[in-house]
Amino acid sequence: MKQRVRFEKYLDDYYKHLIERLENGGNYIDKNNCNESSKEYKAYESIIKELSQVESLINYYKLHDCV
């Protein structure tokens, strides 16, 4: 059970980290007028995908909290 709690905390911390990166990336893209084919924009999209995966894991563990 301790491992699960530790893992859930890690997911939560990583989620917050990705949110911060997403905000910073959005600001950078807006400030520098990056287009959709730029490496910065592709990195931003990658953050969104990773954030979605982490969010799915968090929701899975919340849903199966009674296990």
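The values are calculated or read from the model by the stated rules, or taken from the named source; none is laboratory data. Note that the structure is predicted; figures quoted are calculated from it, not measured. Because the Cβ atoms are built from the backbone with ideal geometry, glycine has one as well, and the counts that use them run over all protein chains shown. Remember, those area values only see protein heavy atoms, side chains included, never the ligands or the DNA or RNA. Shrake-Rupley method; radii C 1.70, N 1.55, O 1.52, S 1.80 Å.
What tally of residues in region 1-54 results from selecting those that are among the hydroxyl-bearing types (Ser, Thr, Tyr) and under 29 Å from Asp65 (Cβ atoms)? Count: 4.
If I filter region 16-23 for residues that are of a type in the set (Val, Ile, Thr), free of Cβ contacts under 8 Å to residues at least 12 places away in the same chain, part of a helix (DSSP H, G or I) and on the phi < 0 side of the Ramachandran plot, do I get at least one hit? No, region 16-23 contains no residue that is of a type in the set (Val, Ile, Thr), free of Cβ contacts under 8 Å to residues at least 12 places away in the same chain, part of a helix (DSSP H, G or I) and on the phi < 0 side of the Ramachandran plot. For region 25-67, filtering for residues that are assigned to a helix (DSSP H, G or I), over 26 Å from Lys2 (Cβ atoms), open to solvent by 90 Å² or more (accessible area, probe 1.4 Å) and of a type outside the set (Lys, Arg) leaves 3.
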